[in-house]
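Here the structure comes first, spelled out in structure tokens, and everything after it is commentary.
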Protein chains: 2
Amino acid sequence: MAANSRVTIAAHALAWMELARRRGRAQLTSEEVAASVNTNPVIVRRSLGDLRRAGLVSTRRGTGAGFALARPASEITLLDVWTAVAAEPLIALHHTEPNLECPVGAGIRPVLAEVYDEATAAFRAKLAGQSIADVLERILQ
Amino acid sequence: MAANSRVTIAAHALAWMELARRRGRAQLTSEEVAASVNTNPVIVRRSLGDLRRAGLVSTRRGTGAGFALARPASEITLLDVWTAVAAEPLIALHHTEPNLECPVGAGIRPVLAEVYDEATAAFRAKLAGQSIADVLERILQ
DNA sequence: CGCCATAGTAACCATTTCTATTACAGCGGG
DNA sequence: CCCGCTGTAATAGAAATGGTTACTATGGCG
């Protein structure tokens, strides 16, 4: 299956929010974020809703509402983002239970699950090494 | 998105083929493999077709046809399998081009691509550390 | 030479997922 | 009370996935 782009959307939104904050605008509407990401404001509200539930951004409603980073950009890693919006297995196990009368069918699932978990942990560790502040720094050279 | 299970199907097929080989049957039909995986023989033929194109298995057609490992199970890693059947990005970039007039939109793609590549490389390295022979050993305890 | 088991593959289907869109209810500051 | 904006439901189209049927191609064997 094609991987989804939610981590990318969310990371883009956060980096843009951090740049806006440095320019004096700590709060952005979903429409302003959507204009940079080039997508629909509802997509942004959904993504940022995931980030809000994970405690990465705060939202205000009513007049003058919008989204703001809930903590310093240097303390939000891409792993935080990935966990908030896409905490799915990178490789799936069998759709249907394998034949348990075959020794391989009976024993393969926990073995593969462990290998996949280790590989996913290595993947996550790399994401944990990059914060939104790091990403923004590299964007701005 | 739900990840696909093709790596699991292919790894299962290969482990089962290696166990059959040790029991004296170096060649299995798609139906025999499908019976262990508990899926349709066509699914197995498609998966093993990917592995054949990658040089991991050999096939024979005609009467008495079937699939066999093309090299020792200890020399087929899960990375070989993953590359053969699922060489897709683990995280997608934007579906639509971001707004290039925004500094973040203009510069974020190569930065995220590099981070994703590094994380994927760590993921791949873990898969490279496990061969089909290793997996089968762990299945059989 | 023809039979036949089996790989290879096309076509189709149901299901799921993803992005996008419209619509509207809820909140809360002015 | 009004209005701008979030939150979210409903819907739709596109794409991927696993599954199924059906057909062609291959090649060993009688």
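Listed values, structure above:
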quantity: Given charges at Cβ of Lys, Arg, Asp, Glu: chain B dipole, positive-most of B:Pro41, B:Leu79, B:Pro103; calculated: B:Pro41
quantity: Accessible area (Å², per residue) of the protein assembly as shown, counting only protein heavy atoms and a probe of 1.4 Å; calculated: 47 Å²
quantity: Carbon/sulfur fraction of accessible area - segment B:6-139, other protein chains in place, 1.4 Å, %; calculated: 48 percent
quantity: Minimum 30 Å² accessible area buried by the other protein chains, segment A:121-137 residues, probe 1.4 Å, relative to alone; calculated: A:Ala122, A:Phe123, A:Lys126, A:Leu127, A:Val135
quantity: FRET E, pair A:Arg61, A:Leu140, Förster distance 30 Å, beta-carbon r, rounded to 0.05; calculated: 0.45
quantity: Protein accessible surface hidden between B and A, which excludes ligands and nucleic acids, total in Å², probe 1.4 Å; calculated: 4800 Å²
quantity: Average partner coverage of B:108-117, which counts Cβ from other chains inside 10 Å; calculated: 6
quantity: Label 7 Å beyond Cα on the Cβ vector: A:Gly64 copy-to-copy distances, nm; calculated: 8.6
quantity: Extreme residue, positive dipole direction of chain B, given options B:Asn4, B:Val115, B:Ser58 (C-beta unit charges); calculated: B:Ser58
quantity: Chain B: relative contact order as a whole-number percent, Cα under 8 Å and 6+ apart; calculated: 27 percent
quantity: Inverse mean reciprocal Cα-Cα distance (Kirkwood Rh) of segment A:6-139, Å; calculated: 16.6 Å
quantity: Gaussian network model of chain A, springs between alpha carbon atoms under 10 Å - residue of A:Leu100, A:Leu28, A:Leu14 with greatest fluctuation; calculated: A:Leu100
quantity: Separation in nanometres of the label points that stand 7 Å from Cα toward Cβ, at A:Ala70 and A:Glu114; calculated: 3.6 nm
quantity: Fraction of alpha-carbon pairs over 18 Å apart in segment A:65-115 - percent; calculated: 56 percent
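The values are calculated or read from the model by the stated rules, or taken from the named source; none is laboratory data. Quick caveat, the model's predicted, so the values are computed rather than measured. Because the Cβ atoms are built from the backbone with ideal geometry, glycine has one as well, and the counts that use them run over all protein chains shown. Please note that ligands, DNA and RNA were not included when accessible areas were found on the heavy atoms of the full protein model with its side chains. Shrake-Rupley method; radii C 1.70, N 1.55, O 1.52, S 1.80 Å.
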